[in-house]
Structures are given as structure tokens and as C-alpha cells.
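Engineer: Below are the C-alpha cells for one structure; questions will follow.
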Amino acid sequence: MHRIEKDSMGELKISQEKYWGAQTQRSLENFPISNETFPSEFIHNYAHLKKACAKANESLGRLDSKKSQAIGDACDEIIDGKFDEHFPLKVWQTGSGTQTNMNVNEVVANRATELLGGKLGQKLVHPNDDVNMGQSSNDTFPTVMQISAALKCRLSLIPSLKSFERSLSLKAEEFSKEHKIGRTHLMDAVPMTVGQEFSAWASQVDQAREGLEKLVPWCEELPIGGTAIGTGLNTSKSFSELVVEELNEYLGADFRSCPNKFSKIASHDDLLGLSGALKVCASTLMKIANDIRLLGSGPRCGLAELLLPENEPGSSIMPGKVNPTQCEAMTMACAQVIGNDVAVSFGGMHGQLQLNAYKPLIIHNVLKSADLLNDAVSSFERRCLKGIRLNKLRLQQYRENSLMVVTAIAPKIGYEKASKIAHNAYENETSIWDEVKKEGLMSLEEYEAIVNFEKMANPR
């Protein structure tokens, strides 16, 4: 039930059921590190690239049409997910991703050989000479890194952030006339509307999303055609443009050939920047989730301004307890994203000379961060944000007890008197009006004209 495959280091036994070859087998044996593998989408994007390269080489007269067609058909099957089980290699391998590149080359070559009537291992289509023609792991792996990161952000995360932003804006509109007391330093501040509070969160998400959108184009400049170090040795000058043209047709994207391929092989500042933008998104979402769980704390002994959806029991010992679990899940995901960015930063700054050898680490963490944020924000929007209601009685109680409404009358009576009024009201457990009346500073009509929550929340 085994066949013998060869590479430059000799022969290896490989299960007859497996489509990979000798170099994949060696990697399996030499890197039994964790159970983390590259996601299927990454492998599928690699197959898109190999198909595009075959088409380009055919156009250049370097690869005959039968082999090109067989390679393309094999890649289509990989893209369709039919061979996912044949890509078992771990993330923690060589820093260039060479073994994953060869895994793809070997599976494509064996399947293409089979499609041409041969047997696995016969190499009617050769993994290096045909499938990897005009390429290196050093330019194909970062090309797929950038394709995967760009598509992940454009097709998944950015739309999810836009949806989340819209939902926040809808809540801001819904609560635009609901007045509350703002807080700074976790202490009472001046009045605002609940809608204004939600609008601040929507604006944060908008800014984080725009920052991400500005960085994605960096990743759309691809180093394919640079081969080993960026010179393009063993390929044609027009190869990269042909490959990019094919990729854009397959993927409906707007990728471009990078004018300086040395930079995209030796460093990954584009992905480092993207990871930083993901960290900003995480920081934004962390702030929003923490604010919402604080405002929803209670139900009777917390702030309790917001009523959060009750999705599941919160305690195994305290009957009736319900917790802000979507907030907790979001903040944990955000913490992980921030940790991932530290790893990406380390990998990004430690490439040496003509090659960054932290490629698998970098793309693993970037894709993981984008997935985490996408899933967390989508879940939070659906299971928490959209169902938020207001505890109007609690908001009213806070408005009636607020001391900082004194800020509105300070211009009329002066800062010192206003400060004294606030301190007296706090110490005497009275209202601001009670103390103003006691001091004879103004009539009730004058007071109500100034201490008007709508005017204070929207003074201009």
C-alpha cells in the first residue's frame, strides 16, 4: 500500500492514498510541532497561483498545453476542496514556507500526472520543473500570503465592520432623544444623549475600518516573478504581469505586480502594517464591548443603563444570573489579536538580508486575527448589539440625581459659586436646584431655561 518517491536526498515510502511527495513526507516527519496547519483558503489561493503560473508559462511557450491544462484542472479540484486532506503540513516549519510550496507542487503534479493517464509518483508532470516553473518558494509563498490577507479583509472583515458600524448608527438614531449623564474618569459628567454615546462608537469603527482599507492595497502588490531573491532569475520579465492578469480574472480582484520584488521577499512591512490595522480594530472593539458591559452591569446593583439580550444562563450556582457573554467573547478575541500583532511585529523586524524567514508565523497570525475579528464582531452585532434596550427608569434616576448639571449655570453664577453649590448638594443629599434656591441665585424659570437636557446635550 506504499509507493516510493524520490527527491534530492533519496527515496521515501509514501502511502499510496496520498497525493503528496517526498518533500512533504520529510516535512511531516521533521516538524511534528503542534496541530496548527494552514487554513484551506490559503491552500486554495496557492492553487489559484499555480494555475495562473501554468497559464503564464504556456503563453510564454515554456510549458506545453497538455501539461498546462492538466495542472489547471488539478488546481481547480484543489480549489473546490477535493484534496484538502492532502495538505497536512504544520505552520511551524521552514521560515520561507518552502515545504508548503512543495506540498502544493507535489499534489498538483501527482494529480496532473493522474489526469494525463499516469500513476502517482510517475511524474509525467514534475513538481519542480513543471508546476514550480519560473517560481521559488521565496516569491510564491509571500504572494499567497498577500493574496490571502487582502481577500480575507476585503471579502470578510471589512464588510463585517461596515455592518457593525451601520448597526451602531441605527442605535444612535434610535436613542437620539434619550438623555443620560455622561461620565469621565468613571465619575459623573455633563448630560448627553444615548445616541451620542453610540455615535462615538460608530465613528471609532468607521475610522478603524478606513485605516484597514488604506493598508489592504499594500498587500495587493505581489512579488511573483522575483523567484529566489527578487532578481527574477529563471523566468521571463513578462511572467509576473501575465500571472497577475490571470489571478485577477480568476479571483475578480485588482492585484498588481510589485515593481520592487526584492522588498516583498526580504521584508513584509505590508503585512506588518495590516496587522497593526487589525490591532487598531481590536482596540476599538475592546473599548466598545467594555463600555457596553459596564453600562449593562446590574441588573440592580450596577449602572444598568443598557439592557443586554439574555442569551444563556450565567452561573452554575447563582440561579437567574445572566452575564454579558458576548462582550466577554469579543474582548478575549481582541486580546488575542493584540497578542498576534506582537508575534507579527517580531517576525517582521527579524528578516535577514534578502529573505524574511518568519513568513509562516506572520501569515498564520494575520489570518487568525482577521478571522477572530470577523467572527467576534459578527456574533456581537447579531447576539448583543441589535437587541440592546434602554433602562429608561434608571436613566431618569441618574438625570435627577446628577450634580454636574451645575456646569450649565456656572457661566451665570461663576465657577466658585457653582463649585460650592455642587459640594453642598452632595453633602446635604439635595439637588442642584435645592441649593440654588437656598442661595437665592435665580428663579425656577431661569434655572429650567438653563438646565435643559436637550440644550445641554446639543448646545449649538
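Bear in mind that the values in this text are calculations on the coordinates, not laboratory data. Predicted model only: the values in this text are computed from it and were never measured. With ideal geometry, Cβ positions are generated from the backbone for all residues, glycine too; neighbour counts draw on all protein chains shown.
Engineer: Below 11 angstrom from the Cβ of residue 100, what's the summed charge of the other residues (Lys, Arg +1; Asp, Glu -1)?
Structural biologist: Summing Lys and Arg as +1 and Asp and Glu as -1 gives +1.
Engineer: Helix 194-219 against the longest principal axis of the chain: what's the angle in degrees, Cα atoms only, rounded to the nearest 10?
Structural biologist: 20
Engineer: Straight-line reach only, C-alpha to C-alpha below 30 angstrom: list the lysines that residue 437 could link to, leaving out same-chain residues fewer than 8 apart.
Structural biologist: Counting by Cα, and skipping residues close in sequence, residue 437 has these lysines nearby: 177, 180, 392, 412, 417, 420, 455.
Engineer: So, one more: Using the crude model of +1 on Lys and Arg Cβ and -1 on Asp and Glu Cβ, and no other charge, please compute the dipole size for the chain relative to its Cα centre, in debye to 20.
Structural biologist: 240
Engineer: Output the peptides 269-275, 190-196, 103-109, 50-56 sorted from most to least packed, where packing is the average of other Cβ atoms within 10 Å over each peptide's residues.
Structural biologist: Ranking, from highest mean packing down: 103-109, 50-56, 269-275, 190-196.
Engineer: Right, here's the next one. Take residue 354, project a point 7 Å from its Cα along the Cβ direction, then tell me which residues of segment 222-237 have their backbone nitrogen under 18 Å from it.
Structural biologist: 223-237
Engineer: Just to confirm a number: summing +1 for Lys and Arg and -1 for Asp and Glu over residues other than residue 424 whose beta-carbon lies under 13 angstrom from that of residue 424, what do you get?
Structural biologist: -2
Engineer: Any idea what angle helix 40-59 forms with the longest principal axis of the chain, computed on alpha-carbon atoms, 0 to 90 degrees, nearest 10?
Structural biologist: 50
Engineer: With the contact rule set at Cα under 8 Å and sequence spacing of 6 or more, what percent relative contact order holds for segment 17-133?
Structural biologist: 36
Engineer: Here's a follow-up. Could you pull out the pairs from 66/237; 214/279; 50/82; 55/237; 55/368 whose alpha carbons sit more than 22 Å apart here? Mind dumping the intermediate values first?
Structural biologist: Values: 66/237 24 Å; 214/279 14 Å; 50/82 16 Å; 55/237 15 Å; 55/368 31 Å.
From the list (66/237; 214/279; 50/82; 55/237; 55/368), the Cα-Cα distance tops 22 Å for 66/237; 55/368.
Engineer: As a check on your grasp of the helix formula, calculate [θ] at 222 nm for the chain: sum -39500 (n - 2.57) over DSSP H runs of n ≥ 4, divide by the residue count, round to the nearest 500.
Structural biologist: On the way: 18 runs with 269 residues, N = 460.
Rounded to the nearest 500, it is -19000 deg cm²/dmol.
Engineer: Please give the length that would be gained between residue 428 and residue 206 if that part of the chain were fully extended, namely 0.36 nm times their separation in residues minus their C-alpha to C-alpha distance (nm, one decimal).
Structural biologist: On the way: separation 222, 0.36 × 222 = 79.92 nm, distance 4.48 nm.
Length difference between fully extended and current span is 75.4 nm.
Engineer: Post the alpha-carbon centroid distance, segment 228-279 to segment 416-432, in whole angstrom.
Structural biologist: Distance between centres, Cα-based: 66 Å.
Engineer: Subtract the Cα-Cα distance of residue 399 and residue 62 from 0.36 nm times their separation in residues, and report this length gain in nm to one decimal.
Structural biologist: Fully extending the segment from residue 399 to residue 62 adds 113.6 nm.
Engineer: Also, I was wondering about something else. Using the alpha-carbon centroid of each, what span in Å lies between segment 324-356 and segment 145-198?
Structural biologist: Answer, in whole Å: 23.
Engineer: Also: Extension gain residue 256-residue 294, at 0.36 nm per residue separation less the Cα-Cα distance, in nm? Don't jump to the answer; show the numbers that get you there.
Structural biologist: Numbers: separation 38, 0.36 × 38 = 13.68 nm, distance 4.59 nm.
Going from the current span to full extension adds 9.1 nm.
Engineer: Starting from the coordinates of the alpha-carbon atoms of the chain, obtain the Kirkwood hydrodynamic radius over all distinct pairs and give the value in Å to one decimal.
Structural biologist: Across the chain, the inverse of the average 1/r is 25.8 Å.
Engineer: Please compute the contact order of the chain in relative form: average sequence separation of alpha-carbon pairs under 8 Å and at least six residues apart, divided by the residue count, as a percent.
Structural biologist: Contact order relative to length: 15 percent.
Engineer: So how long is each side of segment 116-218 along the principal axes, counting just the alpha-carbon atoms, biggest first, in Å?
Structural biologist: 77, 26, 22
Engineer: Here is a further query. Pick out, in residue order, every one of the trypsin sites (Lys or Arg not before Pro) in segment 76-158 that is DSSP loop and has at most 13 other C-beta atoms within 10 Å; say none if there are none.
Structural biologist: Qualifying residues, ordered by number: 82, 119.
Engineer: Spin-label point model (7 Å from Cα, Cβ direction): what's the residue 439 to residue 415 distance in nm?
Structural biologist: According to this spin-label approximation, the distance is 1.5 nm.
Engineer: Around residue 12, what is the net charge, scoring Lys/Arg as +1 and Asp/Glu as -1 over all other residues with Cβ under 13 Å from its Cβ?
Structural biologist: Charge balance near residue 12 sits at 0.
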